[in-house]
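Undergrad: The structure is given below, and queries will be raised subsequently.
The values are calculated or read from the model by the stated rules, or taken from the named source; none is laboratory data. Note that the coordinates shown come from a computational prediction; the quantities given were computed from them, not determined experimentally. Heads up, the Cβs are rebuilt from the backbone with ideal geometry, glycines too, and the neighbour counts pull from every protein chain shown.
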Amino acid sequence: MKMFVLNGNSYPIKDMSVNMICDLEDMGISLGDMQKKSFSFIRAYVSMCMGESPEKAGKEIELHLINKGKLEDVMDAVKTAMEESDFFRALQANTDEETSTSKTEKK
C-alpha cells in the first residue's frame with residue numbers, strides 16, 4: 001500500500017471507492033466540491049486516511065505547512081488515489097464515452 005507523510009507520520013493512501021466517496025459525502029464533501037472546496041476535500045480525505053476527525057486532519061495539514069511542508073505532498077496523495085482508483089477510471093471512461101457520443105450525435 002502506498003503511503004504519504006505528514007509531520008513524520010506515515011498514512012496509507014486510501015482507495016477512492018464508492019464507499020470512500022459516500023463517507024466523504026457523509027462528511028459534507030461531494031465530488032463536485034473538489035474544485036470549489038479543495039481544502040475541505042483534502043482535509044476530509046486526509047481525515048479518512050488518518051482515521052481521525054476532520055479537525056485533527058486539518059491541524060496536521062496546518063502543522064505540515066507551518067513546518068515548511070508543501071501542500072503538494074498532500075495533493076499528490078489525493079491525485080494518486082484518484083489515478084489508481086478503478087472507480088474513477090470507470091467514471092472517466094464513461095464520461096469520455098458520453099462526450100464522444102454527444103459530439104457524434106451533433107454532427
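Undergrad: For segment 17-62: of the residues being in a helix (DSSP H, G or I) and among the small types (Gly, Ala, Ser), which is modelled with the lowest pLDDT? If you could, list the steps in order and put the result at the bottom.
TA: Looking only at segment 17-62, we keep the residues that are in a helix (DSSP H, G or I), and these are 18-26, 33-36, 38-50, 54-62.
Imposing the further condition that a residue be among the small types (Gly, Ala, Ser) reduces the set to 38, 40, 44, 47, 57-58.
Values: SER38: 86, SER40: 91, ALA44: 93, SER47: 95, ALA57: 96, GLY58: 96.
Residue satisfying both the conditions and the ranking: SER38.
Undergrad: Another question, then. Among the residues of segment 26-72, write down those that are among the polar types (S, T, N, Q) and under 18 Å from ILE13 (Cβ atoms).
TA: SER38, SER47
Undergrad: Further question on the same structure: Out of the residues in segment 1-52 that are under 20 Å from LEU91 (Cα atoms) and charged (D, E, K, R), state the one that is surrounded by the most Cβ atoms within 10 Å (Cβ to Cβ).
TA: This residue is LYS14.
Undergrad: Still on this structure: Only residues that are farther than 20 Å from GLU84 by Cα and under 13 Å from the mean Cα position of the chain (by Cα): list them for segment 1-26, please. First the steps, then the outcome.
TA: Narrowing segment 1-26 to residues farther than 20 Å from GLU84 by Cα: 6-9, 25-26.
Matches in segment 1-26: GLU25 only.
Undergrad: Still on this model: Among residues belonging to segment 61-96 that are hydroxyl-bearing (Ser, Thr, Tyr) and under 14 Å from the mean Cα position of the chain (by Cα), point out the one that is farthest from VAL46 (Cα to Cα).
TA: Looking at residues that are hydroxyl-bearing (Ser, Thr, Tyr) and under 14 Å from the mean Cα position of the chain (by Cα), I get SER85.
Undergrad: Can you tell me how many residues in segment 58-75 are out of contact with any strand residue (DSSP E or B) (no Cβ under 9 Å at 6 or more places or on another chain) and at negative phi? Let's see the steps before the verdict.
TA: Let us first name the residues in segment 58-75 that are out of contact with any strand residue (DSSP E or B) (no Cβ under 9 Å at 6 or more places or on another chain), namely 58-59, 62, 65-68, 70-72, 75.
Among the residues that remain, those that are also at negative phi are: 58-59, 62, 65-67, 70-72, 75.
Residues in segment 58-75 being out of contact with any strand residue (DSSP E or B) (no Cβ under 9 Å at 6 or more places or on another chain) and at negative phi: 10 in total.
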